[in-house]
Amino acid sequence: MRIILLGPPGVGKGTQAKILMKRFSIPQLSTGDILRTEIDTKTELGILAKSIMNEGKLVPDNVMLNMMEKRLQEDDTINGYILDGFPRTLPQAKGLEKILKILVQRLNGVIAIKADEGILVERLSNRRSCKKCNAITNLIFDPPRVEGKCNQCGGELFQRDDDKPEVILDRLEVYKKQTEPLINYYAELQLLKEVDGSGTINEITINILRELE
Ligand code: AMP
């Protein structure tokens with residue numbers, strides 16, 4: 001199964017991708033996570049991406065397409081994958097088409113998860129990530145049992161720089177301008193499946209699985 005999870009920041013793409021990854025035994029390819037690893041290991045790409053990401057802007061399309069062209073050829077993608085955070089612009093979507101043609105692969109569907117802006121801002125400002133296992137948690141819906149520690153592995157929780165209030169609204173604006181047009185693009189390709197992302201984690205998973213049946 002090859003699917004794209006599309007939707008604004010905070011809608012739950014990462015959380016749902018991790019659930020689907022376990023259920024279907026296929027990898028979650030999160031461009032945000034790949035870039036954050038590049039930043040942590042101080043590679044050339046990481047150095048380029050850091051300030052762009054901290055401002056909530058998008059890393060250039062050609063950089064993303066080169067990165068994903070390589071990633072999509074790795075062995076673990078052979079039985080499928082969940083694209084989380086990619087493509088994010090029309091040129092990226094068109095570039096992905098070309099890559100898939102070369103790899104002789106087709107997408108099974110594009111799941112667009114939707115929620116009101118108020119919900120997104122609340123989720124993003126209360127989101128914390130684990131330094132050790134990458135788990136995503138929420139201070140309100142899934143508060144840490146021990147303050148500052150991950151419920152799953154005990155690792156240290158931190159707030160992403162781009163989840164700080166001053167960057168959140170810019171990221172939502174970037175989404176509206178640059179990523180939202182992909183909804184029509186994939187609707188025209190008859191790949192789009194829309195899902196309500198305003199409920200609980202469980203409810204959203206059920207909505208997605210229904211669309212994938
Ligand atoms: P995410 O973890 O998906 O919210 O991504 C965090 C940040 O990484 C974004 O705000 C962008 O700066 C950058 N990023 C992730 N994926 C992409 C992409 N497909 N195109 C451009 N920038 C990206």
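The values are calculated or read from the model by the stated rules, or taken from the named source; none is laboratory data. Because the structure is a prediction, the values reported are computed rather than measured. Cβ coordinates were reconstructed from backbone atoms using ideal geometry, including for glycine residues, and neighbour counts include every protein chain displayed. For accessibility, only protein heavy atoms count, side chains too; no ligands or nucleic acids. Shrake-Rupley method; radii C 1.70, N 1.55, O 1.52, S 1.80 Å.
Once phi is turned into θ = phi - 60°, what whole-Hz ³J(HN,Hα) does the Karplus curve with 6.51, -1.76 and 1.60 give for every residue of segment 9-24, x standing for Gly and Pro?
Ordered by residue, 3J(HN,Hα) equals x, x, 7, x, 4, x, 4, 5, 4, 5, 5, 5, 4, 5, 5, 9 Hz.
Can you classify the chain as rounded, prolate or oblate using the Cα gyration tensor, where a ≥ b ≥ c are the square roots of its eigenvalues, rounded means a/c under 1.5, and otherwise it's prolate if a/b beats b/c and oblate if not? Present the calculation step by step, with values, prior to reporting the outcome.
Values: a/c = 1.40, a/b = 1.23, b/c = 1.14.
It is rounded, given that a/c, with a ≥ b ≥ c, falls under 1.5.
FRET efficiency for residue 100 and residue 198, Cβ-Cβ distance as r, R0 = 45 Å, nearest 0.05? Walk me through the numbers on the way to the answer.
Working: r = 31 Å, r/R0 = 0.69.
So the FRET efficiency works out to roughly 0.90.
How many Å² of accessible area per residue for segment 88-213, probe 1.4 Å? Write out the running numbers ahead of the final one.
Details: 7520 Å² over 126 residues.
Using a 1.4 Å probe on heavy atoms only, each residue of segment 88-213 averages 60 Å².
Once phi is turned into θ = phi - 60°, what whole-Hz ³J(HN,Hα) does the Karplus curve with 6.51, -1.76 and 1.60 give for every residue of segment 161-173, x standing for Gly and Pro?
In residue order, the calculated couplings are 4, 7, 9, 6, x, 5, 9, 4, 5, 5, 5, 5, 5 Hz.
Kindly report, to the nearest 10 Å², the accessible surface of residue 139 as traced by a 1.4 Å probe over protein heavy atoms only.
Ignoring ligands and nucleic acids, residue 139 comes out at about 60 Å².
Report in % the part of the accessible area of the chain that belongs to carbon and sulfur, leaving out ligands and nucleic acids; probe 1.4 Å. The partial results should precede the final answer.
Values: 5800 of 11560 Å².
It is 50 percent, rounded to a whole number.
Could you give me the ³J(HN,Hα) list for segment 183-195, computed from phi with Karplus coefficients 6.51, -1.76, 1.60 and θ = phi - 60°, whole Hz, x at Gly and Pro?
Residue by residue, segment 183-195 yields 4, 5, 4, 7, 5, 5, 7, 6, 10, 7, 10, 9, 10 Hz.
So which GluC sites (Glu not before Pro) in segment 62-111 pass both tests, a DSSP loop state and at most 15 other Cβ atoms within 10 Å of the Cβ? Before the final figure, lay out the partial values.
Details: sites: 69, 74, 97; in loops: 74.
Answer in residue order: 74.
At most 16 other Cβ atoms within 10 Å and a DSSP loop assignment: could you name the trypsin sites (Lys or Arg not before Pro) in segment 11-107 that fit?
Answer by residue number: 42, 57, 106.
Past 22 Å, Cα to Cα, is the threshold; run 50/114; 18/193; 18/177; 50/131; 18/94; 70/114 against it and keep the listed order.
Working: 50/114 28 Å; 18/193 19 Å; 18/177 27 Å; 50/131 17 Å; 18/94 26 Å; 70/114 30 Å.
Violating the 22 Å limit, Cα to Cα: 50/114; 18/177; 18/94; 70/114.
Amide H to amide H, which residues 5 or more places from residue 6 or on other chains are under 5 Å from it, using H placed in the peptide plane?
Counting only residues 5 or more places away or on other chains, the set is 111, 112, 113.
Calculated from DSSP H runs of 4 or more alone, at -39500 (n - 2.57) each and per residue, what is the 222 nm mean residue ellipticity of the chain, nearest 500? Kindly include the intermediate steps, with their values, before the conclusion.
Working: 9 runs with 97 residues, N = 213.
Roughly -13500 deg cm²/dmol at 222 nm, from the helical runs in the chain.
Once the piece of chain linking residue 189 and residue 44 is laid out straight, how much longer is it, given 0.36 nm per residue of separation minus the C-alpha distance between them?
On the way: separation 145, 0.36 × 145 = 52.20 nm, distance 3.57 nm.
Length gained between residue 189 and residue 44: 48.6 nm.
Rounded to two decimals, what is the ratio between the C-alpha radius of gyration of segment 115-213 and 2.2 N^0.38 Å? List each step's numbers first, then the result.
Values: Rg = 15.9 Å, N = 99, 2.2 N^0.38 = 12.6 Å.
Cα Rg divided by the expected 2.2 N^0.38 Å: 1.26.
Note down the magnitude of the dipole of segment 16-140 about its Cα centre, charges +1 on Lys and Arg C-beta and -1 on Asp and Glu C-beta and zero elsewhere, to the nearest 20 debye. Working shown, then result.
On the way: 20 positive and 15 negative charges, 50 e Å.
Here segment 16-140 has a charge dipole of around 240 debye.
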